[in-house]
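We did not get these values from a lab; they are worked out from the coordinates using the rules stated. All of these numbers come straight from a predicted model, not from anything done at the bench. As a convention, Cβ positions derive from the backbone with ideal geometry for all residues, glycine included, and neighbour counts pool all protein chains shown.
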Amino acid sequence: MLRSFCHSRFNATLALIGGSGVQSSLDPAGREAERIAALFWWMTGGTVVIWLSMVALAFYAIHARPEAHTEKRARLFIIGGGALVPTVVLGGLLTYGLSMLPDLIAKAPDGSLRIAVTGEQWWWRVRYVLPEGGEVVTANEIRLPVGEPVQFDLDSPDVIHSFWIPTIGGKMDMIPGRQTRLVLHPTRTGTFRGVCAEYCGASHTYMAFYAVVMEKADFKRWLEEQRQPAAEPVDPLTKQGREHFLANGCSACHTVRGIGADGLVGPDLTHLGSRLSLGAGFLPNDLETLTRWIARTNEVKPGVHMPHFRMLPADELHALAAYLASLK
Ligand SMILES: [Cu+2]
């Protein structure tokens, strides 16, 4: 377990230090992130120029002889350098920054892909709103078609979270009792990482997700697969696993479409096996981790709202994990 924790921290740290990778706003893969990166470089450039001028002036002031300046020139210098130049420079940078706002909070054009994301403690409920009506429900992973605008409708039932995929765009708060909106335009395919950017409780740090930007045709195929009910178990082990899932009350909290499990407290598990991560973007999705998750949930994720199932015999845990892993 510790290894997995360190592993994900390690990855995130690397991404931050490297200034590139799956979670960097300076290596943009979206139109909004490109603008934010440009804003960052202009502001940084402005800061460097102002700082260098101030250092130069300080050196000049140390070495200049006071009698070299008339009273009038000194006053002009104070008004010009102390008020006029800062007002013009900072005003310019501010205007440039503010002029981006209307675009960043605009609605997506009619007919655009819409995804409702709810921030839960501490995971993401994801619903694709289909243009023909209906929804495709999944969790803890977001897939997007490249080159198309997508509108996220964001909310939360209890505490404030913030939805952020740094590589694709800016962040937006998820506020109880209100719906907020974020429009993004992914510009290249790849697997990126999103995080919760507002401290929301014990497992805030472990509330992440993968955002996979795909070719349009691949995305369509993926969405159609996600729309299907859960795969039928084909071998005795996974068949047993399904029975254990229903017998142990997992279905009170989890939905697995097609087997009569329709709980809404936890993430939809209908296609759990197809997801890149487990437990909201911070654990690898493999059999070993899945078994540990079910048996020792509370040790794996602090404050988690899922009971642990340590009392189950090992073969039952194994069958449960095998069944969930088979749900591609
Ligand atoms: Cu959160």
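Quick notes on this one:
- Each of Gly133, Phe219, Val22 was scored by the projection of its Cα onto the charge dipole of the chain, and the greatest displacement toward the positive side belongs to Val22; charges sit on the C-beta of Lys, Arg, Asp and Glu.
- Point-charge dipole on Cβ atoms (K/R +1, D/E -1) for the stretch 32-104, about Cα centre, debye to 20: 420 debye
- Within the chain, percent of DSSP bridges classed antiparallel, to nearest 5: 75 percent
- Antiparallel DSSP beta bridges within the stretch 109-209, as percent of all bridges there, nearest 5: 75 percent
- Cα gyration tensor shape for the chain, rounded if a/c is under 1.5, else prolate or oblate: prolate
- FRET efficiency, Leu98 to Asn298 (Cβ-Cβ, R0 45 Å, nearest 0.05): 0.45
- Of the residues Ala68, Ala202, Ala261, the one that moves most in a GNM of the chain with alpha-carbon contacts below 10 Å is Ala68.
- Taking amide H as placed 1.01 Å from N in the peptide plane, the amide H of Arg143 sits under 5 Å from that of Val212, each at least 5 places away or on another chain.
- Helix 31-63 and the long axis of the chain differ in direction by around 30°, with both axes built from C-alpha atoms.
- Net charge dipole size for the chain [Lys, Arg +1 and Asp, Glu -1 on Cβ; Debye, nearest 20]: 860 debye
- Rounded to 0.05, the FRET efficiency of the Arg188 and Asp315 pair, given R0 = 56 Å and the Cβ-Cβ distance, is 0.80.
- If the chain linking Leu39 and Lys72 were pulled fully straight, counting 0.36 nm for each residue of separation and taking away their Cα-Cα distance, it would gain 8.0 nm.
- Taking the DSSP bridge list for the stretch 50-158 and keeping only pairs wholly inside it, about 65 percent are antiparallel.
- Principal-axis tilt of helix 314-325 within the chain, Cα atoms, nearest 10 degrees: 60 degrees
- Adding -39500 (n - 2.57) for every DSSP H run of four residues or longer, then dividing by how many residues the chain holds, sets the calculated 222 nm ellipticity at -12000 deg cm²/dmol.
- Global geometry of the stretch 192-257, whether rounded, prolate or oblate, following the gyration tensor of its Cα atoms and the 1.5 cut on a/c: oblate
- Calculated FRET efficiency for the pair Glu215/Ala247, C-beta based, R₀ 41 Å, to 0.05: 0.50
- Under-5 Å amide H pairs with Leu283, H placed in peptide plane, nonlocal only: Leu278
- Put the Cα centre of the stretch 130-153 next to the Cα centre of the stretch 34-75 and the gap is 49 Å.
- Cα centroid separation, the stretch 185-229 to the stretch 279-328 (Å): 21 Å
- Shape category assigned to the stretch 236-325 from the gyration tensor of Cα positions, a/c cut at 1.5: rounded
- Rounded to the nearest 10 degrees, the inclination of helix 236-247 to the longest alpha-carbon principal axis of the chain is 80 degrees.
- Linear extension gain, Glu132 paired with Ile50, 0.36 nm per residue minus alpha-carbon span: 24.1 nm
- As a proxy for reagent exposure, Tyr210, Tyr323 were ordered by neighbouring Cβ count within 10 angstrom, fewest first; the result is Tyr210, Tyr323.
- Asp158 paired with Tyr199, simple spin-label distance in nm, labels 7 Å along Cα-to-beta-carbon: 1.9 nm
- Cross-link partners of Lys239 among aspartates and glutamates, defined as those whose alpha carbon lies under 17 angstrom from its own and excluding same-chain residues fewer than eight positions apart: Asp315, Glu316.
- Think of each Lys and Arg Cβ as +1 and each Asp and Glu Cβ as -1; about the Cα centre, that makes the dipole of the stretch 236-325 roughly 100 debye.
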